[in-house]
Amino acid sequence: MARLDVLLDGYASDKGVAGTVSLIRDGDLVAIVDPGMVPTRASILGPLTKMGVSPEDVTDVILSHHHPDHTVNIALFPDVRIHDHWAMYHNDQWTSRPAEGVQLSSGVRLMETPGHTPQDITTLVETDDGVAALTHLWVFEGSEGNRLDVAPDLVAEHRGRVLEVASLIIPGHGSPFRLDR
Ligand SMILES: [Zn+2]
Ligand SMILES: [Zn+2]
């Protein structure tokens with residue numbers, strides 16, 4: 001089973017915008033999801049260090065999509081493979097592949113969930129506590145959508161796919177919440 005820890009609960013309000021940043025550990029995989037806009041870099045590195053993980057230990061970064069609020073701090077991690085909707089990147093190597101079904105470890109899988117942007121993906125994590133979905137399909141608990149969603153119909157469709165497999169949602173700009181199943 002994979003271990004999932006949320007390093008920072010994101011928000012989007014009058015006080016500012018921060019993306020939800022998470023850590024996934026599963027065997028050799030040490031992955032950060034969405035190292036984006038945060039108050040200061042210590043907002044990511046502080047919780048990470050407390051969990052006994054240094055930036056050098058991180059092996060992979062997963063991007064839910066390409067907006068800066070989810071990407072601007074990738075370079076905090078010096079030697080990582082980076083995964084998005086259509087490729088894996090490592091140093092100067094760009095390996096094209098569709099994200100759908102990509103298995104990063106036994107308990108971590110990617111799913112293509114376009115709608116907010118055409119480039120959105122969801123990360124599914126099998127934990128002791130059920131399957132968690134790290135996704136921008138939900139901005140926060142109860143959100144109907146995002147004013148920036150380019151295809152609300154696709155958001156609704158892919159929410160349905162996620163609801164079939166996940167019991168916990170880690171939303172793009174909010175605290176984790178459980179689904180009524
Ligand atoms: Zn976005
Ligand atoms: Zn966002």
Quote the FRET efficiency, to the nearest 0.05, computed for Val131 versus Arg41 with a Förster distance R0 of 25 Å and r equal to the Cβ-Cβ distance. 0.25
Inverting the mean 1/r over all pairs of different Cα atoms, compute the Kirkwood radius of region 51-139 and quote it in Å. 13.8
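Could you give the length gained by full extension between Ile74 and Asp5, i.e. 0.36 nm per residue of separation minus their alpha carbon distance, to one decimal place?
Full-extension gain reported as 23.1 nm.
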Report the normalised scattering of region 1-110 as log10 I(q)/I(0) at q = 0.10, 0.13, 0.16 Å⁻¹, calculated by the Debye formula with identical scatterers on the alpha carbons. -0.27, -0.45, -0.69
Using θ = phi - 60° and Karplus 6.51 cos²θ - 1.76 cosθ + 1.60, couplings along region 123-139 (whole Hz; Gly, Pro as x): 9, 9, 10, 7, 10, 4, 9, x, 8, 9, 10, 9, 7, 9, 5, 10, 7
Got a sec to turn the phi values of region 75-84 into Karplus ³J(HN,Hα) couplings, 6.51 cos²θ - 1.76 cosθ + 1.60 with θ = phi - 60°, whole Hz, x for Gly and Pro? 6, 5, 10, x, 9, 10, 7, 10, 10, 9
Give me a comma-separated list of calculated 3J(HN,Hα) values for region 24-35, in order, Karplus coefficients 6.51, -1.76, 1.60 applied at θ = phi - 60°, integers in Hz, x for any Gly or Pro. 10, 10, 8, x, 7, 7, 10, 10, 9, 9, 6, x
Quick check: the distance between the Cα centres of region 1-48 and region 80-103, to the nearest angstrom? 20
Under 5 Å, built H, 5+ apart or other chain: amide partners of Ser175: Glu141
Going by a ≥ b ≥ c, the root eigenvalues of the Cα gyration tensor, does region 97-175 fall in the rounded group (a/c under 1.5), the prolate group (a/b larger than b/c) or the oblate group? oblate
Within region 108-140, which residues have the backbone N less than 14 Å from the label spot 7 Å out from Ser175 along Cα→beta-carbon, could you tell me? 140
Sort Val80, Val72 by Cβ crowding within 10 Å, fewest neighbours at the top. Val72, Val80
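Every read-out reported here was derived from the displayed coordinates using simple, explicitly stated rules and does not represent laboratory data. Computed from a predicted model, the values in this text were never measured in an experiment. Glycine gets a Cβ as well: all are built from the backbone with ideal geometry, and neighbour counts include every protein chain shown.
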